[in-house]
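The values are calculated or read from the model by the stated rules, or taken from the named source; none is laboratory data. Quantities reported herein were computed from a predicted structural model and do not represent experimental measurements. For neighbour counting, all protein chains shown are included, and Cβ atoms are generated from backbone atoms with ideal geometry for every residue, glycine included. For the accessible areas, the whole protein counts, side chains as well, though only heavy atoms, and no ligand, DNA or RNA atoms are used. Shrake-Rupley method; radii C 1.70, N 1.55, O 1.52, S 1.80 Å.
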Amino acid sequence: MSDILIELGRILEQRKQADASSSYVASLHHKGLNKILEKVGEEATETIIAAKDVASTQDRESLVKETADLWFHSMVMLSHLDLGPEDVLEELRNRFDISGLAEKAARKHTK
């Protein structure tokens, strides 16, 4: 499955250079980091709402779609900052065999 993220990362990198009038991703890059962060925040909020709705409506499809939007816009953010899905996947890989509690405690000491 990480192949999908890697391929999407490649496409997003290519679209950074595209004409803003011909590509949604290019238009986000053209508008700058604040606009991209606004979209990430918007999608995060929509994902939270969809997750809460699953309990009452059982509408899992909306949650999956909103999560896909959140991941997509998060990847645009990473691309804008010259990072990619490989960076996040590597960090997740590094967290294997580490207790979540220990990892969280270690982060407190590095900030």
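Can you give the translational diffusion coefficient of the range 50-111 in µm²/s, computed by Stokes-Einstein from the Kirkwood radius over Cα pairs at 37 °C and 0.692 mPa s?
So the translational diffusion coefficient is about 231 µm²/s.
Where does the chain land on Rg/Rh, using Cα atoms and the Kirkwood Rh?
Ratio of gyration radius to Kirkwood radius for the chain: 1.03.
Report the gain in length on full extension from residue 51 to residue 86: 0.36 nm times residue separation, minus Cα-Cα distance, nm rounded to one decimal.
The span from residue 51 to residue 86 would gain 9.9 nm if fully extended.
With springs only between Cα atoms under 10 Å apart, run a GNM on the chain and tell me which of 67, 57, 45 wobbles the most.
Of 67, 57, 45, the Gaussian network model singles out 57 as fluctuating most.
Hey, if you drop one equal point scatterer on each alpha-carbon of the range 1-47 and run the Debye formula without solvent, what base-10 log of I(q)/I(0) do you get at q = 0.23 Å⁻¹?
For the range 1-47 at q = 0.23 Å⁻¹, log10 I(q)/I(0) is -0.89.
Expressed as a rounded percentage, what relative contact order does the chain have, with Cα pairs under 8 Å and six or more residues apart?
The value is 26 percent.
Quick one: with all protein chains in place, what share of the accessible area of the range 59-109 is carbon or sulfur, to the nearest percent (1.4 Å probe)?
Carbon-and-sulfur percentage of accessible area, whole number: 59.
State, to one decimal in nm, how far the label point of residue 3 lies from the label point of residue 98, with both points 7 Å from Cα in the Cβ direction.
With each label point 7 Å from Cα toward Cβ, the separation is 2.9 nm.
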